[in-house]
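Take a look at the structure below.
The values are calculated or read from the model by the stated rules, or taken from the named source; none is laboratory data. These numbers come from a predicted model, not from an experiment. Every residue, glycine as well, gets a Cβ built from its backbone with ideal geometry; the counts of neighbours run over all protein chains shown.
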Amino acid sequence: MTMKPRNAPLFWLALSALIVAGLALTGASFSPRADNLALWEIYEKGIRPREFVDLTHAFSSGIPRWPGFPAEERKTIYTYEKDGFFAELFTHVGQYGTHCDPPGHFHKGLRMIDEIPVKEMVLPLVVIDCSQKVAANPDYQLVLGDVKAWEDRHGRVPAGSFVAMRSDWSKRFNDFDAFYNKDDKGQSHYPGWSIEALKFLFDERGVTAIGHEPIDADAAVAQKEGFFSCESYVLKTNRFQVELIANLDKVPEAGALVVCSWPKPKAGSGFPARIFAIVP
């Protein structure tokens, strides 16, 4: 009977490593050229055939954002007709659209966005699905029990992983009022994390980053006079987060890889990101 590996990209990587190690232990020779091309083989057989899911919202001037930030402005500075090519000037805050918050966004002296190494941009993706709980209660905060329930189904949260809270809030992205979900007193209602769950993930499981669909790590009702305790805690660990993620309903809870990337402004406080999943 042929066994199908749960995570094909990691399977091919492990298989290649075992072959090389086995040859070394037995004294057998192997082709340096073939060894140098091992990653290409992993890509061709284990990655390229997989589904790629874009987790990024396209941004424009009218999208949801933190209320204190201005909308993006865009100006055409070269045109096809006059100049033979098209170019625009973009003006926007670093925390705009789907974006990365580096530790230095909240804590002076910690890593800024250009200091996050590319090795932290390709990670195992853990998706904790709270969408039904959020549908019943938009103020829901992901708790330690949600993490433990994930581990009961899939095993220990991998060290160095990217943990995303699935709330399906991203489905409201194109409806400004629905996204902020304000009551008649002007209080927004959208979900977020709990400190208890975050401390477990970062301190006990050693994850690299988190992500979520709303504009904040903190649920709207948990924000006290502009203080964001969950976001402050995450960034104080010198790890990063990605906000305003999309399409988490299209990836599995376990087994996928996530790729997070962004431009590299020197000492930048944040920047719009392009993030996608590779699905087994």
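So for the range 146-164 (the condition being closer than 27 Å to GLY62 by Cα and surrounded by 15 or more Cβ atoms within 10 Å (Cβ to Cβ)), does at least one residue qualify? So far as the range 146-164 goes, yes, one or more of its residues are closer than 27 Å to GLY62 by Cα and surrounded by 15 or more Cβ atoms within 10 Å (Cβ to Cβ). Number of residues in the range 174-189 that are out of contact with any Ser or Thr (no Cβ under 8 Å at 6 or more places or on another chain) and either among the polar types (S, T, N, Q) or crowded, with 19+ Cβ neighbours inside 10 Å (or both) equals 4. Is it the case that some residue within the range 56-77 is part of a helix (DSSP H, G or I) and assigned by TED's automatic domain parsing to the domain that holds ILE275? Looking for residues that are part of a helix (DSSP H, G or I) and assigned by TED's automatic domain parsing to the domain that holds ILE275, one finds none in the range 56-77, hence no.
Among the residues making up the range 121-161, a single one is among the polar types (S, T, N, Q), within 20 Å of the chain's Cα centre (by Cα) and in a helix (DSSP H, G or I): SER131. Just to be sure, is LYS119 in contact with a Ser or Thr (Cβ under 8 Å, 6 or more places away or on another chain), of a type in the set (Lys, Arg) and without any contact (Cβ under 8 Å) to a residue 12 or more places away in the chain? No: the conditions fail for LYS119. LEU198 meets the conditions (1) part of a helix (DSSP H, G or I); (2) within 16 Å of ILE116 (Cβ to Cβ) in every case but one. The failed one is (2).
Between SER161, SER170, SER194, SER188, the distinction of being in the same structural domain as VAL259 (by TED's automatic domain parsing), hydroxyl-bearing (Ser, Thr, Tyr) and touching a residue at least 60 places away in the same chain (Cβ under 8 Å) belongs to SER170 only.
When the range 115-134 is filtered for residues that are closer than 11 Å to ARG166 by Cβ and charged (D, E, K, R), the ones remaining, listed by number, are ASP129, LYS133.
Yes/no per residue for (1) of a type in the set (D, E, K, R); (2) assigned to a strand (DSSP E or B); (3) touching a residue at least 24 places away in the same chain (Cβ under 8 Å); (4) more than 20 Å from PRO103 (Cα to Cα):
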position	(1), (2), (3), (4)
PHE179	no, no, yes, yes
VAL207	no, no, yes, no
ILE210	no, yes, yes, no
VAL221	no, no, yes, yes
LEU235	no, no, yes, no
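Of the candidates THR91, THR98, the single residue that is of a type in the set (S, T, N, Q), in contact with a strand residue (DSSP E or B) (Cβ under 9 Å, 6 or more places away or on another chain), at pLDDT 95 or above and within 24 Å of LEU248 (Cα to Cα) is THR98. Looking at the range 96-110, I want the residues that are surrounded by fewer than 16 Cβ atoms within 10 Å (Cβ to Cβ) and have a partner that is assigned to a loop (DSSP other than H, G, I, E, B) with Cβ atoms under 9 Å, at least 6 apart or on another chain. Which pairs are those? From the range 96-110, the pairs are HIS107/ASN238.
Looking at LYS264, is it surrounded by fewer than 20 Cβ atoms within 10 Å (Cβ to Cβ) and at pLDDT 95 or above? Yes.
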